[in-house]
Amino acid sequence: MRKLATIQKILSLNPIPDADAIEVAQVLGWKVVVKKGEFAVGDNVIYCEIDSLLPERPEFEFLRNSKFRIRTVRLRGQISQGICFPISILNKDYYTGIWAVGDDVTEILGIEKYEAPIPAELAGDAKGKLPSFFQVTDEDRIQILPHIPEQYQGQLFIATEKLDGSSCSFYWKNGEFGVCGRNWEYFESPTNSMWKFARQNYIEEKLGVIGRNLALQGEIIGEGIQKNRYKLKGQTVRFFRMFDIDKYEYLSYGEMIEIIKELKLETVPVLDWNYVLPASIDEILAYAQGKSALNPQTEREGVVFVKFETNNLGRLSFKAISNKFLLDNKE
């Protein structure tokens, strides 16, 4: 389960021009607008990330108009991502004791992750949860990894466009073929877009010819999915990683590219094969903002950065979401 609410430390507090009642705090790599004087530098707080869905409780009543979902907002010109609460709200539920930075309080507070409704084209009869022999397709945001720029500054990463669609996976394991969304595997259905793509592109047959136990993971985009921001006709899948089920490790990006070409499929757009990681999160976020390689009239959602020095499960990857995209789309 993703840690949506954790104990974190206020690293800095800075004024906001022309704002008397609020100031901006830094928590991890996030900038969060807080009430002036409520916190001091060094204080431990409860930090709730964007996309947190808070329960209907008196202390969260001010979020009712936003349906208790935490989004990226701009207040007095300052971008704010997340909310800070004093640790004392835990004591109201009789959770006493000593709290350390990094402690997860998501479940204690009853917080869930906001999930966009599944488009009808991707729904279907679930065969079961995502199989345990490969990993869910989600990257951590750079803001919760503040050590990354410091540790890897100047090193090379592959920068790829993060597409605004819906995650899907196709696997071949010991002669069995399967199709999955983000969290569920689905029975074959003529109305399910992922299965339709698989059949139209003969993915089962092609994987069978390769003969390796592999999971192909990608993003399905197009009509009926996430408002079709790229203005595509029909639907397609762009792939971004591949998993060797037997070795339980990711393939290198180069090897993945070769197999995707062999299968006559396409990857997500590669923006830079040799992106030099800068020294700050702000610089990484600035790079994430820009136009989509699929449609220059559309803002891209962001960028995924991958460092494939070894092709094992410990690969280093993270994402940076464009703040302009988040604000424009009220995310």
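Out of everything in the range 128-156 that is under 12 Å from the mean Cα position of the chain (by Cα) and β-branched (V, I, T), what residue ends up being farthest from L216 (Cα to Cα)? In this case the residue turns out to be I144. Against the list (1) touching a residue at least 12 places away in the same chain (Cβ under 8 Å); (2) in contact with an Asp or Glu (Cβ under 8 Å, 6 or more places away or on another chain), the condition I46 fails is (2).
When we screen R64, R74 for residues that are assigned to a strand (DSSP E or B), surrounded by fewer than 20 Cβ atoms within 10 Å (Cβ to Cβ) and over 20 Å from the mean Cα position of the chain (by Cα), the only hit is R74.
The residue list E255, E301, E262 contains one member that is within 21 Å of I79 (Cβ to Cβ), among the charged types (D, E, K, R) and touching a residue at least 40 places away in the same chain (Cβ under 8 Å), which is E301. If you go through the range 146-177 and pick out every residue that is open to solvent by less than 10 Å² (accessible area, probe 1.4 Å) and either free of Cβ contacts under 8 Å to residues at least 24 places away in the same chain or under 17 Å from L265 (Cβ atoms) (or both), you end up with 8. Condition first: closer than 30 Å to L75 by Cα, open to solvent by less than 20 Å² (accessible area, probe 1.4 Å) and either without any contact (Cβ under 8 Å) to a residue 12 or more places away in the chain or not in a loop (DSSP other than H, G, I, E, B) (or both). Can you find one or more residues in the range 306-319 that meet it? Yes: one or more hits. Checking each residue in the range 192-230 for being closer than 24 Å to E249 by Cβ and not aliphatic (A, V, I, L, M) picks out E204, K206, G208, G211, R212, N213, Q217, G218, E219.
In the range 77-88, is there at least one residue being modelled with pLDDT of 90 or more, outside any strand (DSSP E or B) and in contact with a helix residue (DSSP H, G or I) (Cβ under 6 Å, 6 or more places away or on another chain)? Looking through the range 77-88, none of the residues is modelled with pLDDT of 90 or more, outside any strand (DSSP E or B) and in contact with a helix residue (DSSP H, G or I) (Cβ under 6 Å, 6 or more places away or on another chain).
Residue pairs whose Cβ atoms lie under 8 Å apart, separated by 6 or more positions or on different chains, with the first residue in the range 59-80 and closer than 13 Å to L326 by Cβ and in contact (Cβ under 8 Å) with a residue 12 or more places away in the chain and the second in a loop (DSSP other than H, G, I, E, B) and open to solvent by 80 Å² or more (accessible area, probe 1.4 Å), are R71/K330. Within the set S167, S189, the sole residue that is more than 30 Å from K3 (Cα to Cα) and among the polar types (S, T, N, Q) turns out to be S189. Note on the range 293-305: residues that are surrounded by fewer than 19 Cβ atoms within 10 Å (Cβ to Cβ) and either small (G, A, S) or modelled with pLDDT under 90 (or both) amount to 1.
The values are calculated or read from the model by the stated rules, or taken from the named source; none is laboratory data. Computed from a predicted model, the values in this text were never measured in an experiment. Glycine also receives a Cβ, built like all others from the backbone with ideal geometry; neighbour counts cover every protein chain displayed. Areas reflect the complete protein model, heavy atoms only, side chains present, ligands, DNA and RNA absent. Shrake-Rupley method; radii C 1.70, N 1.55, O 1.52, S 1.80 Å.
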